[in-house]
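The values are calculated or read from the model by the stated rules, or taken from the named source; none is laboratory data. Note that this is a predicted model, so its numbers are computed, not measured. For neighbour counting, all protein chains shown are included, and Cβ atoms are generated from backbone atoms with ideal geometry for every residue, glycine included. For accessibility, only protein heavy atoms count, side chains too; no ligands or nucleic acids. Shrake-Rupley method; radii C 1.70, N 1.55, O 1.52, S 1.80 Å.
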Amino acid sequence: MYLSIMTAAPLAGAIAVACLPRSRGALAKLIALVVSLAVLVVAVVAWFKFQPGGDRLQLTESYTWIPAWGARFSFGADGIALVMLGLIALLVPLVIIASWNHAEQESRRSVPAFFALLLFLEGSMIGVFAATDVLLFYVFFEIMLVPMYFLIGSYGADVPQKQRQYAAVKFFLYSLVGGLFMLAAVIGLWVLGGHTFDWQTLTSVEFSRGAGRWMFLGFFLAFAIKAPFFPFHTWLPDAGGAAPAGVAALLVGVMDKVGTFGILRYCLTLFPEASKYFAPLAITLSVVGILYAALLAVGQNDLKRLVAYTSIAHFGFIGVGIFAFTTQAATGAVLYMLNHGLATGLLFLVVGMLVSRRGSAAISDFGGAGKLVPALAGVFFFAGMASLALPGLAPFVSEFLVLIGTFTVNKTAAVIATVGIILAAAYVLWMFQRTMQGTLNPTLKEVSGLRQDISKREILVVAPLIALLLVLGFYPKPVLDVINPAVSVTLQQDLGVQDPAPTHSTTEAGK
């Protein structure tokens, strides 16, 4: 019941909020917040009900849907899905609080519609990660595009309307095209897999080499666009730059993880031979993405686009970790999915606070702003340090696991990827220096928004993320205990790979 409640409650809440008249904006906000907090409570209960080391899929439930096709409303979660469900349940109420006044900035915008779209987005994202029926997964995969399209195109801020609409259409078309390739692969699964969409049943089906590789490509292309991996990334800077900050936090922090989750859940488990065959290509694209996106981030003058480019680089690390095929690297990749959502979600939210005060996302319009808003500048610095994986913060643990797990099997990829860490320090520190430090930009004294430092509502938004980044930076064991069994089963049982044996020098061997 837990997963169906987590999926259905936001969808029902979205319908209720959407039916409110425009004049009931305050009630719409309250309903959206209450529903999102209720989902968070259910997610916490589900987390404690989950037994690490127990059955692979837990919290399972299944209901009749389309008997003629063998399709069912089937839900279940392994450790990989569980951490993503927890991330969604945490981020959505924080985004709702952070976006409390966003839709009211222009009278033409409907406040109930904005919060209804946020709830609809939450329900569809939960459905993607909880679905264990391949057709149901595909339906949620496509449905979640709709609320994000309208949130970017209708409620985007700080950019001209034409730019918002361009970004929304580009996002939608890229994802839709990828989804069509996946639909072809889903149909192939049904035809060749015994006329069933049940994921667990399909994991035991052995496809021919040719069919497996073609279906792998159908799924992988959709997931590579969604993640996004290089060279399918070009929609993200536009969408991230045009979306409201809170929506961008969900887009990059959660929705894009559907791509990497899908690779782990569907590509690796259903097509093990094809996964091994295409692994060198996937690692190459990931490494190129790390360096390419980092270099582009250094040259950005738009704060939101800069953060979007950093995320493309981070997804490169996740890709390397997945296709290294070692337990350490894959566990680090899944932990990176969680930690990136926390760190980049925080960074986008803080950037949104700064942009709303300044009225501009251009870095050149800031300069010395830390003198006016020192507390907010401190949070901005913390978010930047988390983004570059400073030791002691959660992303460092995941990045370290990815690199050390990859180094044992692919030293070249690990060494090249490490260069991305140096570039991350460059673009994050330069971003902070240009916006918060140095000589105060005289025009900032006339900006009324910068006369107020961080508010109580904003503290409520950033405090949980800061706390989790600190706690998981020093004690990630509770999350790793949930992730490790699912990763081990995926690699050893489905993919049929074992971690490389430790090597010893001749001197050590002789002792």
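Tabulated results
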{"read-out": "Complete set of residues in the range 361-375 that are assigned to a helix (DSSP H, G or I) and either surrounded by fewer than 24 Cβ atoms within 10 Å (Cβ to Cβ) or on the phi > 0 side of the Ramachandran plot (or both)", "value": "ILE363, SER364, ASP365, GLY370, LYS371, PRO374, ALA375"}
{"read-out": "Residue match in the range 33-40 (condition: more than 18 Å from GLN200 (Cβ to Cβ), polar (S, T, N, Q) and touching a residue at least 40 places away in the same chain (Cβ under 8 Å))", "value": "yes"}
{"read-out": "Hits in the range 170-187 (condition: in contact (Cβ under 8 Å) with a residue 40 or more places away in the chain, under 30 Å from GLY241 (Cβ atoms), in contact with a helix residue (DSSP H, G or I) (Cβ under 7 Å, 6 or more places away or on another chain) and hydrophobic (A, V, I, L, M, F, W, C))", "value": "PHE171, PHE181, MET182, LEU183"}
{"read-out": "Criterion: among the β-branched types (Val, Ile, Thr) and either buried (at least 17 other Cβ atoms within 10 Å of the Cβ) or closer than 24 Å to LEU251 by Cα (or both) - qualifying residue of ILE5, ILE66", "value": "ILE5"}
{"read-out": "Within the range 188-267, helices (runs of 4 or more DSSP H) holding 2 or more residues that are free of Cβ contacts under 8 Å to residues at least 24 places away in the same chain", "value": "209-226"}
{"read-out": "Residues that are part of a helix (DSSP H, G or I), open to solvent by 20 Å² or more (accessible area, probe 1.4 Å) and either aromatic (Phe, Trp, Tyr) or over 30 Å from ILE97 (Cα atoms) (or both), drawn from the range 459-493", "value": "PHE474, ASP481, ASN484, PRO485, SER488, VAL489, GLN492, GLN493"}
{"read-out": "Meets criteria (farther than 27 Å from PHE317 by Cα and within 27 Å of the chain's Cα centre (by Cα)) for ALA394", "value": "no"}
{"read-out": "Single condition LYS456 does not satisfy, out of (1) at pLDDT below 90; (2) farther than 30 Å from ASP55 by Cβ; (3) more than 22 Å from the chain's Cα centre (by Cα); (4) open to solvent by 10 Å² or more (accessible area, probe 1.4 Å)", "value": "(1)"}
{"read-out": "The range 17-45: number of residues that are open to solvent by less than 60 Å² (accessible area, probe 1.4 Å) and either touching a strand residue (DSSP E or B) at 6+ places or on another chain (Cβ under 6 Å) or closer than 13 Å to LEU118 by Cβ (or both)", "value": "9"}
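Listed here are the residues, each with its yes/no results for (1) open to solvent by less than 10 Å² (accessible area, probe 1.4 Å); (2) closer than 27 Å to ALA486 by Cα.
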| residue | (1), (2) |
| --- | --- |
| THR310 | yes, no |
| ILE318 | yes, yes |
| ILE322 | yes, yes |
| THR326 | yes, yes |
| VAL334 | yes, yes |
| LEU342 | yes, yes |
| LEU347 | yes, no |
| GLY359 | no, no |
| MET385 | no, no |
